[in-house]
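Structure record follows, encoded as structure tokens.
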Amino acid sequence: MVGKPTTTATPSFPDILDVIIVGAGPCGLAVAARLREETPSAMFTDDEHQRYHWINKHSGRMALVQAHQGKLKGVKADKWQRYDSRRGSSSTSSSSYSSASASSPPSLSSSVSSDQEISMEEGDDSDGISTLVLDSSGDQWMERWNKAFRTLEIEQLRSPMFFHVDPRDRDGMLAYTQESSREKDLWEISGCVGKELSKHKKKKQRSRAQAVGEVEIDERDRKDYFSPSTGLFADYCGSIVSRYGLDSPEMIRNCEVNDICYDYHPELSPSEKIFTVTTADGTRFYSRVVVLAIGPGRTKILPFKLSGDEEQGACHSTEIRTFPSPNVKVKIKQRQETNVVVVGGGLSSAQVVDMAIRRGVTKVWFLMRSDFKVKHFDLALNWMGKFKNFEKAAFWSADTDEERLEMIKAARNGGSITPRYQKILKQHMACHRLSIHPRTVICGREYCASSRTWRLTTDPPIPDLPRIDYIYFATGMQADVNELPLLRRMNHDYPIETKQGLPCITDDLMWQSHVPLFLTGRLGSLRLGPGAANLEGARLGAERIAWAMDEVLGRKGSEETGSERSKQCFCGLGNRYAELADVDG
Ligand SMILES: Cc1cc2nc3c(=O)[nH]c(=O)nc-3n(C[C@H](O)[C@H](O)[C@H](O)COP(=O)(O)OP(=O)(O)OC[C@H]3O[C@@H](n4cnc5c(N)ncnc54)[C@H](O)[C@@H]3O)c2cc1C
């Protein structure tokens, strides 16, 4: 738990927190970080950020005021000294300033040095919003994400450089890469950057299907179209965690939330509704706001329900514990033939296929319900390039949620594989280790527990399909608010409309206008757009939630300090002339 609780409760009850975030994945992290960012990138340009952080760092050390005969636009030197003396109370702070750093040019806003400063300042900030994070995957940020990347041996992200969770700077990951000299950790996303189509040409082409690999991104944005290595992205997230002081031991609790209730509490809050969040072990937490950042939830999509026996011979890709499965491992060791089926159509399925072949499986049979689709990203390129605002404007101004749902479906268009993995799969096919079957489903199955193999029939039939040793279902997760156990009570007490499981929440991402349960990530798709389920959604969602949170919690610390006013003045916020009133003579 971090920060001061807002209410002191009776001794028998814990305090009421300001915010409980359920889910410590990218979306949860983006919200927690955004709530501690004073100068979000949505409000400040990169130049303003640079100026702001440079001033923060050097105020009182540079002769700013003296150089202008004692006054600089009415801001007196002593204001900056006061600000500096607040920071100077920490010995770490003053010792971290070297004369070299004072005279060095302003660095990018997300520089390593400014990160350290913020972290130190935030740690002292006892007026912050009290926050607790609950996560069923672990007690660290991004545990589910890290586990998925480890299990599938994913070396790089699929998304470009501006998909990240840093609230401060859209180009933050690029800056971090340069500052830490990690350019070697970038992989160029080739084939999508080039001359962008004009609006006229786009309109003409709209009726035609988008050819794979067609260039959609303007040349000047080339720097964005690299994807970070898994390690670089993890380190960047780590730097965000420490910058905002989100690494205190009590910040995240490892537990599964299975009930959320919003009501008056006779002892704790008889006159104002609060949230009671109950975990699987019966522990209760209380808060004024809840943010649900649970990704797609925990319901796996399987083409058929597996019996107890069948579970020995198959699993969902999110449930892979050892790879390959023990029976396949033994056979490979004994140099026996092995056959594995992978069902799916997205990148995860291709990654499982590749991993199985690299680990020595004789042949993989890759079955997909629809066509074999190749795309750079989960989203169509027109949602990423220069004209993405055109698409987003159309999305936000759509008349109905049904229309929005259709736009989401069209933009995502089911699972797809990247050109890089297409190439890898082609190589496996050339070596007769892989057989790909688009538009094919399993229509009959028989699992023999003693031989631990399957006899499968497919539609259309695959000639000579041998007995199968193991089936992997990389068939995704179902995000349906009506089915999520932790929302059962909210659905009952505050019913809302849904479209194919996606909730019709407010534009502020709230459950209802008077129910401050915020939903971000995939569950916010009908408001955030097709990128909601990706890292882009994490940043967009956090931004909207932070705006609304100000209103719900009420602004804290309304009495501004001189330093805050001065900072605002330099950043072009508020009334600059108000400062003149304070100037002596
Ligand atoms: C293998 C893989 C690779 C991907 N690569 C990319 C990529 O490169 N770029 C990109 O933009 N997107 C990628 N994605 C999509 C990715 O899932 C999202 O970008 C991102 O994980 C969404 O973050 P999230 O916080 O919404 O969800 P998650 O990462 O799923 O985090 C949700 C968290 O909530 C917790 N939780 C769920 N239910 C409960 C509960 N009842 N109680 C407590 N805790 C709960 C979970 O344990 C989890 O830790 C990838 C997805 C996968 C599966």
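The values are calculated or read from the model by the stated rules, or taken from the named source; none is laboratory data. What you are looking at is a predicted structure, and each value in this text was computed from that prediction instead of being measured. No Cβ is skipped: glycine too gets one built from the backbone with ideal geometry, and neighbour counts run over all protein chains shown. SASA here: full protein model, heavy atoms, side chains in, ligands and nucleic acids out. Shrake-Rupley method; radii C 1.70, N 1.55, O 1.52, S 1.80 Å.
Taking the Cα centre of region 412-494 as origin and charging only Cβ (+1 Lys, Arg; -1 Asp, Glu), how large is the dipole, in debye to the nearest 20? Intermediate values should be presented prior to the final figure.
Details: 12 positive and 7 negative charges, 78 e Å.
With Lys and Arg at +1 and Asp and Glu at -1, about 380 debye.
Where the accessible area of region 477-541 is counted over protein heavy atoms with a 1.4 Å probe, how much of it, in %, is carbon and sulfur? Please list the in-between numbers first.
Working: 990 of 2280 Å².
Its accessible area is 43 percent carbon and sulfur atoms.
Once R0 is set to 25 Å, what does the formula 1/(1 + (r/R0)^6) return for the Cβ-Cβ distance between Asp507 and Ile301, expressed as a FRET efficiency to the nearest 0.05? List each step's numbers first, then the result.
Details: r = 29 Å, r/R0 = 1.17.
So the FRET efficiency works out to roughly 0.30.
If you take the beta carbon distance between Glu497 and His432 as r and set R0 to 60 Å, what does 1/(1 + (r/R0)^6) give as a FRET efficiency, to the nearest 0.05? Display every interim value, and only then the final one.
Details: r = 51 Å, r/R0 = 0.86.
In this case the efficiency is close to 0.70.
Can you list the residues, at least 5 places off or on another chain, whose amide H is less than 5 Å from the amide H of Ile417, using H built in the peptide plane?
Under 5 Å from the amide H of Ile417 lie the amide H atoms of Lys373, Val374, Lys375, each far enough along the sequence or on another chain.
Determine the share of region 237-334's accessible area contributed by carbon and sulfur atoms, expressed in whole percent, with a 1.4 angstrom probe.
Numbers: 2290 of 4670 Å².
With neighbouring chains kept in place, the figure for region 237-334 is 49 percent.
Keeping the other protein chains in place, figure out the carbon and sulfur percent of the accessible area of region 145-194, with a 1.4 Å probe.
On the way: 1040 of 2050 Å².
Taking all protein chains in place, region 145-194 shows 51 percent carbon and sulfur surface.
Could you give the length gained on full extension between Asp218 and Arg284, defined as 0.36 nm per residue of separation minus the Cα-Cα distance, in nm?
Working: separation 66, 0.36 × 66 = 23.76 nm, distance 5.11 nm.
Taking 0.36 nm per residue and subtracting the Cα distance, the gain is 18.6 nm.
Under 5 Å between amide H atoms, partner at least 5 residues away or on a different chain: which partners does Thr299 have, H built in plane at 1.01 Å?
Sorted by chain and number, the residues that satisfy this are Gln478.
Whole number in Å², please: accessible area per residue of region 441-512, 1.4 Å probe, ligands, DNA and RNA not counted.
Numbers: 3580 Å² over 72 residues.
Heavy-atom SASA per residue in region 441-512 reads 50 Å².
May I ask you to evaluate 6.51 cos²θ - 1.76 cosθ + 1.60, the Karplus curve with θ = phi - 60°, for each residue of region 335-348 and list the ³J(HN,Hα) values in order in whole Hz, giving x for glycine and proline?
The phi angles translate into 6, 8, 5, 10, 10, 10, 9, 10, 10, x, x, x, 4, 4 Hz.
Using 0.36 nm times the number of residues separating Ala398 and Glu483, minus their current alpha carbon distance, what extension gain do you get? Don't skip to the end; give the middle numbers.
Details: separation 85, 0.36 × 85 = 30.60 nm, distance 2.68 nm.
Going from the current span to full extension adds 27.9 nm.
State in Å² the accessible area per residue of region 130-192; use a 1.4 Å probe, count heavy atoms of protein chains only, and round to the nearest integer. Please report the intermediate quantities before stating the final value.
Details: 2540 Å² over 63 residues.
I get 40 Å² per residue for this part.
How would Asp464, Asp550, Asp224 line up by accessible area, probe 1.4 Å, largest first?
Largest accessible area first, the residues go Asp464, Asp550, Asp224.
Can you tell me the accessible area per residue over region 350-424, all protein chains present, probe 1.4 angstrom, in square angstrom? Let's see the in-between values first.
Details: 3200 Å² over 75 residues.
Normalised by residue count, the accessible surface of region 350-424 is 43 Å².
Spin-label point model (7 Å from Cα, Cβ direction): what's the Gln334 to Asp550 distance in nm?
The modelled label-to-label distance comes out at 6.8 nm.
Please go through region 333-377 and write out the trypsin sites (Lys or Arg not before Pro) that DSSP classes as loop and that have at most 10 other C-beta atoms within 10 Å. Intermediate results must be reported in sequence, preceding the final value.
Values: sites: Lys333, Arg335, Arg358, Arg359, Lys363, Arg369, Lys373, Lys375; in loops: Arg335, Arg359, Arg369, Lys373, Lys375.
Answer in residue order: Arg335.
Residue separation times 0.36 nm, minus the C-alpha to C-alpha distance between Thr457 and Arg321: what's the value?
Working: separation 136, 0.36 × 136 = 48.96 nm, distance 2.70 nm.
Between Thr457 and Arg321, full extension yields 46.3 nm more.
Here are some pairs, Lys375/Lys409; Lys409/Lys499; Lys331/Lys363; Lys147/Lys423; which of them have Cα atoms lying more than 21 Å apart in this structure?
Numbers: Lys375/Lys409 15 Å; Lys409/Lys499 12 Å; Lys331/Lys363 13 Å; Lys147/Lys423 25 Å.
In this structure, Lys147/Lys423 lie more than 21 Å apart at Cα.
Across region 227-236, in residue order, what do the Karplus-derived ³J(HN,Hα) couplings come to in whole Hz, using 6.51 cos²θ - 1.76 cosθ + 1.60 with θ = phi - 60° and x for Gly and Pro?
Whole-Hz 3J(HN,Hα) from phi for region 227-236: 10, x, 5, 4, x, 4, 5, 4, 5, 5.
Which one of Leu487, Met407, Thr457 is farthest out on the positive end of the charge dipole of region 388-499, using unit charges on Cβ (Lys, Arg +1; Asp, Glu -1) and the Cα centre as origin?
Thr457
Can you give the accessible area of Asp169, probe radius 1.4 Å, in Å² rounded to 10?
Answer for Asp169: close to 10 Å² accessible.
Measure off 7 Å from each Cα along the Cα-to-Cβ vector at Gln140 and Glu406, then give the distance between these two points in nanometres to one decimal.
Distance between label points: 4.6 nm.
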